[in-house]
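Every number in this text was worked out from the coordinates using simple rules, so none of it is lab data. Quick caveat: nothing in here was measured; it's all calculated off a predicted structure. Cβ: placed from backbone, ideal geometry, glycine included. Neighbour counts: every protein chain shown.
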Ligand code: GLU
């Protein structure tokens, strides 16, 4: 990450631009610009060697006017309060643009989880849950997985919260295992949503997924599932990367094989197959493809990269992968982009389904989950296209206008307390 990159400024600048383009009354905007609450917690953990380490954690609750705060928890060595604030704001916009009854929040711990043992990771997660327990809950703030967190970590969070409350509280967290009230279809939901977004975008130009050449940055839960589902639908996954590096194959990679290799702990720098060449993550962004899917971290498509990309379309799997300056260049170059707050919303949409199933104490079948996900995304995409035509703007600005109008309208009818 470059030193001057400021993700919170990125999201505020984009919101301000959308307020102008959408001619939205600014009266309530100051409220939306700032989060409702930010907390920082210090988390002591006794390490396996007997030493004591104190980790820093955050939870930012951006808005709960449209429903309980909602958003994942990330474990990463570069986590900062500023980043978590941006991610929490994006969650409010994301839930509003697809019109699900949640607000936005995000959490994070400054740690590289690959340096911890399983026992240390469990202790850290339980201590973090204990620290944020007063402000979370099924009707308050519902965490979920994000970068480097998974169903196991959600299980420890759920168990700690339930122990503190003396009863099972499945609705306090989403992205948990099926056995504990998780939803069918949740693990692959973000990837599935990205594939649906890609399909909807291509359809605007009369194209389809079949034989479309796609490059994906990232091979975690999001990138990995996106690659698999795309390949199953006939797209050609030409490139994919992990934190160590990227692989490229002109005739298409075997997505099932590559993702299984990474899931089993393999590094892509060690992966070999016929026709596969190795490249850097930056080279992947610039490779020859139709659709580029950044599905890792923020600040990847910078102005410099935007000038050189060879793709015709970008679908943002990660949160905030494109800078504001890069956005302008992509627009000038006629590269169409589906913004993160829509493209990666499949995860939180199925989190919403999981939460509804928990409250109603029922379990839906996977086809029902997938069908409802597609229905919500298709409706929201149509609204974004219509708004982009009405306001003559990019899909990002259209998505922001829709989300901001919904948030601001809710502020207006509610009024300011007291
Ligand atoms: N971490 C995911 C996101 O950024 C999912 C959040 C959730 O399900 O609450 O959208």
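Assorted remarks:
- Added length on full extension, which subtracts the Cα-Cα distance from 0.36 nm per residue, residue 412 to residue 48: 125.8 nm
- Distribution of pairwise C-alpha distances over the stretch 10-142, 10 Å bins, in %: 12, 39, 29, 14, 5, 1
- Comparing mean-square fluctuations of 149, 125, 115 from a GNM of the chain with C-alpha springs under 10 Å, the top value falls on 115.
- Fewest-first ranking of 261, 130, 400, using other Cβ atoms within 10 Å as the exposure measure: 130, 261, 400
- From its DSSP helices (H runs of at least four residues, each -39,500 (n - 2.57)), the chain gives a residue-normalised ellipticity at 222 nm of -14000 deg cm²/dmol.
- Cα-based shape type of the stretch 175-226, given that a ≥ b ≥ c are square roots of the gyration tensor eigenvalues and the cut on a/c is 1.5: prolate
- Neighbour-count order for 233, 74, 228, fewest beta carbons within 10 angstrom listed first: 233, 228, 74
- Comparing the chain with the 2.2 N^0.38 Å rule of thumb, its C-alpha radius of gyration ratio is 0.94 (two decimals).
- Candidates 63, 351, 162, ranked by Gaussian network fluctuation over the chain, Cα under 10 Å, top entry: 162
- Take the Kirkwood radius over Cα pairs of the stretch 368-412, plug it into Stokes-Einstein at 37 °C and 0.692 mPa s, and you get 290 µm²/s for translational diffusion.
- For the stretch 129-144 versus the stretch 216-285, the spacing of their alpha-carbon centroids is 35 Å.
- Cα gyration tensor shape for the stretch 1-51, rounded if a/c is under 1.5, else prolate or oblate: oblate
- Mean-position separation - Cα centroids, the stretch 170-206 and the stretch 63-115, in angstrom: 17
- Result for the chain in a Gaussian network model with C-alpha springs under 10 Å: among 353, 29, 102, the largest mean-square fluctuation is at 29.
- By the beta-carbon count within 10 Å of each Cβ, the least crowded to most crowded order of 409, 165, fewest first, is 165, 409.
- Taking a ≥ b ≥ c as the square roots of the Cα gyration tensor eigenvalues, the stretch 222-290 comes out rounded, since a/c falls below 1.5.
- Mean separation of Cα contacts under 8 Å, 6 or more apart, over the residue count of the chain: relative contact order %: 17
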